[in-house]
Amino acid sequence: MGTGQVNVKAYKRQLCGLIEQGKSKPSWIVFQELSLDQAPQADQHFGHREDGWTKVLLQLDGS
């Protein structure tokens, strides 16, 4: 398995279509959901490569 940045433009349309059709559920990869004001703490955990901090979803509305 490789890591790094993905060429979003190359895959966005296809992936959005799969999600809209219910064929793909991206939620399985998100391990943490935090409010935007918790971003500094999330960055610390992520930077230290702590377990469970591979993908973080930041909620803009604070929920």
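Quick note: the coordinates plus some simple rules give every number you see, no bench work behind them. Small disclaimer: the values here were computed from a predicted structure and weren't measured.
Converting phi to 3J(HN,Hα) with the Karplus coefficients 6.51, -1.76 and 1.60 and the offset θ = phi - 60°, region 43-50 yields 4, 5, 4, 4, x, 8, 6, 6 Hz in sequence order, with x at every glycine or proline. Using only Cα atoms and rounding to the nearest 10 degrees, what angle (0 to 90) does helix 8-20 make with the longest principal axis of the chain? Roughly 80 degrees between the two axes. Based on C-alpha pairs under 8 angstrom that are at least 6 apart in sequence, the chain has a relative contact order of 34 percent. If the segment from Leu58 to Phe46 were pulled out straight at 0.36 nm per residue, it would be longer than the present Cα-Cα gap by 3.0 nm. Extent along the principal axes, Cα only, for the chain: 34, 31, 19 Å, with the longest axis given first.
A cut-off of 5 Å between modelled amide H atoms, ignoring neighbours fewer than 5 places along the same chain, links Glu33 with Leu57.
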